[in-house]
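**Q** Please read through the structure below; I'll follow up with questions.
The values are calculated or read from the model by the stated rules, or taken from the named source; none is laboratory data. Quick caveat: nothing in here was measured; it's all calculated off a predicted structure. A quick note on method: Cβ atoms are made from the backbone with ideal geometry, for glycine too, and the neighbour counts reach across all protein chains shown. Protein only, heavy atoms only, side chains kept; ligands, DNA and RNA dropped before computing areas. Shrake-Rupley method; radii C 1.70, N 1.55, O 1.52, S 1.80 Å.
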Amino acid sequence: MSKLKAGIVGAGISGASCAGALAAAGWDVDIFDKARGVGGRLSSRRMEDGWATLGSPFMSARREPFRSQLREWVRQGWLEPVRGKIWRGRATVSWTQAQLQNHFRPLIEPSQLVRSLLGSAHLHTQSLVTCIAPRTLVLENGETRGDYDCVICSVPGPQCVPLVAGLPRLHERLLDDNQYRPVWSFLMRWEGGPDAEVIQFDDELLNVAVSQIQGGGLWAVHSTHAFAETYLDAGKEEASTRAASALMGLLGLPWPVEVEAAHLWKMALPTSQQGGFWLGDRENRVALIGDGIAGAGVERAWESGTRLAQALVQAEQELAMS
Ligand SMILES: Cc1cc2nc3c(=O)[nH]c(=O)nc-3n(C[C@H](O)[C@H](O)[C@H](O)COP(=O)(O)OP(=O)(O)OC[C@H]3O[C@@H](n4cnc5c(N)ncnc54)[C@H](O)[C@@H]3O)c2cc1C
């Protein structure tokens, strides 16, 4: 019997977990990403002295089976539980035992964790998909990739809307409720400040700062959604200057706070979820996954990919038995 084929748009953690699970079950999987590498919002920036997280700084597992996945990555030396102190508002507190069990930070670039999920799936980077049709994907260069038994789209909802314009059932569901909020993410270096690994601000402009594993006073600092909405059209310099000055005020730091990188995530986190782990159009063999469908966060995104893969494999087995 010939292998079943899947074409997946997006190699973030949801697309990659789906691709790997299908490939492990014997499917022939193509996965396309418009970027130069994998990872999506689990992104990092190469620095002179290593790398630093620009996207999600943590991975948290609230339940199985993602807990087992993270434990496996800890065993491989790729993740470690978050330890140390967290500074909240004006005081330093210790992580509770429950937080320590559930919160992990990467010791290797997060994109490598995502890549490890792909297994034997065929990865196509710098491949922007412009249209999804039944069994078919169209790439920016006009190339059509087809004959898929299932086409899966894992990109944030607003980016997915134009891709599925020819599939009314999915298109209408996405138009109904499909909002994301932005975050500005900065890499900043400073000396002094609280003796902590994580700073949670109680502030209108800044949300959180996480010290980076290579040390040297380098921190990933994330704005609030409100800050990012105010500075949505601002340049990097303007947003960086405003964020650095807010930070100095909050922590009582003297100059200089150096801003080494800034990135605006226009679609950082979804404000709602569609309910369930995926959204499917069975007749046209197209399914949507990712955090916009399953809910915000790395765990939900991973689950949405693996759960869809399990359902597809189960449907295939039932068909074979009937
Ligand atoms: C600043 C920030 C902080 C965060 N903090 C946390 C946190 O502490 N804990 C937590 O659990 N979560 C956090 N998150 C959220 C978490 O990162 C996401 O929920 C998760 O990574 C989403 O994965 P995904 O696979 O659904 O989507 P994505 O990672 O967005 O993957 C989608 C992929 O699709 C690709 N793509 C898009 N359009 C196309 C196209 N037309 N053709 C081809 N490819 C395309 C993109 O390049 C991308 O690689 C944070 C996110 C941000 C931005």
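**Q** Tell me which residues, restricted to the range 135-176, are within 23 Å of VAL29 (Cα to Cα) and in a helix (DSSP H, G or I).
**A** Residues satisfying the conditions are GLY157, GLN159, CYS160, LEU170.
**Q** Could you go through the range 38-45 and let me know if any residue there is within 9 Å of the ligand (Cβ to nearest atom), surrounded by fewer than 21 Cβ atoms within 10 Å (Cβ to Cβ) and over 23 Å from ILE8 (Cα atoms).
**A** No, every residue in the range 38-45 fails to be within 9 Å of the ligand (Cβ to nearest atom), surrounded by fewer than 21 Cβ atoms within 10 Å (Cβ to Cβ) and over 23 Å from ILE8 (Cα atoms).
**Q** Quick one: in the range 158-197, which of the residues that are open to solvent by less than 50 Å² (accessible area, probe 1.4 Å) and modelled with pLDDT under 90 is nearest to ALA243 (Cα to Cα)?
**A** So the residue we want is GLY193.
**Q** Additional query: Scan the range 239-274 for residues that are without any contact (Cβ under 8 Å) to a residue 40 or more places away in the chain and crowded, with 19+ Cβ neighbours inside 10 Å and report the count.
**A** Result for the range 239-274: 0.
**Q** Outside the structural domain of ARG173 (by TED's automatic domain parsing), in contact with a helix residue (DSSP H, G or I) (Cβ under 7 Å, 6 or more places away or on another chain), surrounded by fewer than 19 Cβ atoms within 10 Å (Cβ to Cβ) and closer than 21 Å to PRO156 by Cβ, is that true of LEU232?
**A** In short, no.
**Q** Might you check whether a residue that is at pLDDT 95 or above, of a type in the set (Gly, Ala, Ser), crowded, with 16+ Cβ neighbours inside 10 Å and farther than 24 Å from ASN207 by Cα occurs anywhere in the range 109-117?
**A** The answer is yes; a qualifying residue exists.
**Q** Take the residues of the range 209-229 that are in a strand (DSSP E or B) and within 14 Å of the ligand (Cβ to nearest atom): which is surrounded by the most Cβ atoms within 10 Å (Cβ to Cβ)?
**A** In this case the residue turns out to be SER223.
**Q** Sticking with this structure for a sec: Of all residues in the range 143-157, which are open to solvent by 50 Å² or more (accessible area, probe 1.4 Å) and either on the phi < 0 side of the Ramachandran plot or of a type in the set (Lys, Arg) (or both)? Give the derivation first.
**A** Step one: filter the range 143-157 for residues open to solvent by 50 Å² or more (accessible area, probe 1.4 Å), giving 143-145, 147.
Passing the criteria: GLU143, THR144, ARG145.
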